[in-house]
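To start, the structure itself, in structure tokens.
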Amino acid sequence: MEIRVVEEKGRAQIEVTILSGPDDPRVSGIVRQLQMVDGKMTGYVPGTINRRVVLLADVAWIQTDGNVTLIHLVNGETLESSSRLSELEDALKDTAFVRTSRQELVNLDHVTGIKPAGSGRMLLSLGEKTLVASRKYAAEIKRRIGIV
């Protein structure tokens, strides 16, 4: 891969052009990473090929359900992603998202309450929805919200 940076005096926005061979599988991952840097992510309306770009601030939590990753928005909508949960976790590492279990990531900006759930687990409230944070990930959640 060749990376070239060209700085132009007076330019206010960053423009990224990706030149690749046809159907290079790395392109979608690069685009996903760039969108996250810009505070956005892409999902598909379930059962369609309609792609939507949403702000990370509009995402409440992300879960994996078998072979599909579901993006749950704060307005109640759900989008699908072809990315694995671990890929999204890596891309979201410097954001408000944190892993809660093997199946879920949560946007801490939307957590409205936290309670102990026994055996080291935690209950995270997101309005009407409650997620269970496993013991494995509870320490990181506590660290991120300043409890530890």
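Details
Here's the yes/no breakdown for (1) more than 24 Å from residue 140 (Cα to Cα); (2) open to solvent by 40 Å² or more (accessible area, probe 1.4 Å); (3) among the hydroxyl-bearing types (Ser, Thr, Tyr); (4) touching a residue at least 24 places away in the same chain (Cβ under 8 Å):
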| residue | (1), (2), (3), (4) |
| --- | --- |
| 22 | yes, yes, no, no |
| 50 | yes, yes, no, no |
| 67 | yes, yes, no, no |
| 86 | no, yes, yes, no |
| 90 | no, yes, no, no |
| 99 | no, no, no, yes |
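- All conditions in (1) open to solvent by 30 Å² or more (accessible area, probe 1.4 Å); (2) at pLDDT 90 or above hold for residue 94, with the sole exception of (2).
- A single entry from 73, 34 fulfils the requirement of being open to solvent by less than 80 Å² (accessible area, probe 1.4 Å), touching a residue at least 12 places away in the same chain (Cβ under 8 Å) and under 23 Å from residue 102 (Cβ atoms): 73.
- Flag for residue 117 being modelled with pLDDT under 90 and either assigned to a strand (DSSP E or B) or touching a Pro at 6+ places or on another chain (Cβ under 8 Å) (or both): yes
Every residue, every condition in (1) open to solvent by less than 70 Å² (accessible area, probe 1.4 Å); (2) closer than 18 Å to residue 56 by Cβ; (3) touching a Phe, Trp or Tyr at 6+ places or on another chain (Cβ under 8 Å), yes or no:
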site: 105; (1), (2), (3): yes, yes, yes
site: 110; (1), (2), (3): yes, yes, yes
site: 121; (1), (2), (3): no, no, no
site: 128; (1), (2), (3): no, no, no
site: 133; (1), (2), (3): yes, no, no
site: 137; (1), (2), (3): yes, no, no
site: 142; (1), (2), (3): no, no, no
site: 146; (1), (2), (3): yes, no, no
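- Selection within the range 56-68 - over 10 Å from the mean Cα position of the chain (by Cα) and in a strand (DSSP E or B): 64, 65, 68
- Among the residues of the range 6-43, those that are modelled with pLDDT of 80 or more, hydrophobic (A, V, I, L, M, F, W, C) and closer than 23 Å to residue 94 by Cα comprise 14, 16, 27, 41.
The values are calculated or read from the model by the stated rules, or taken from the named source; none is laboratory data. Treat the numbers as computed from the prediction; the structure is a model and nothing was measured. Neighbour counts are summed over all protein chains in view; Cβ atoms, including those assigned to glycine, are modelled from backbone coordinates with ideal geometry. Side chains included, ligands, DNA and RNA excluded: accessible areas come from the protein's heavy atoms. Shrake-Rupley method; radii C 1.70, N 1.55, O 1.52, S 1.80 Å.
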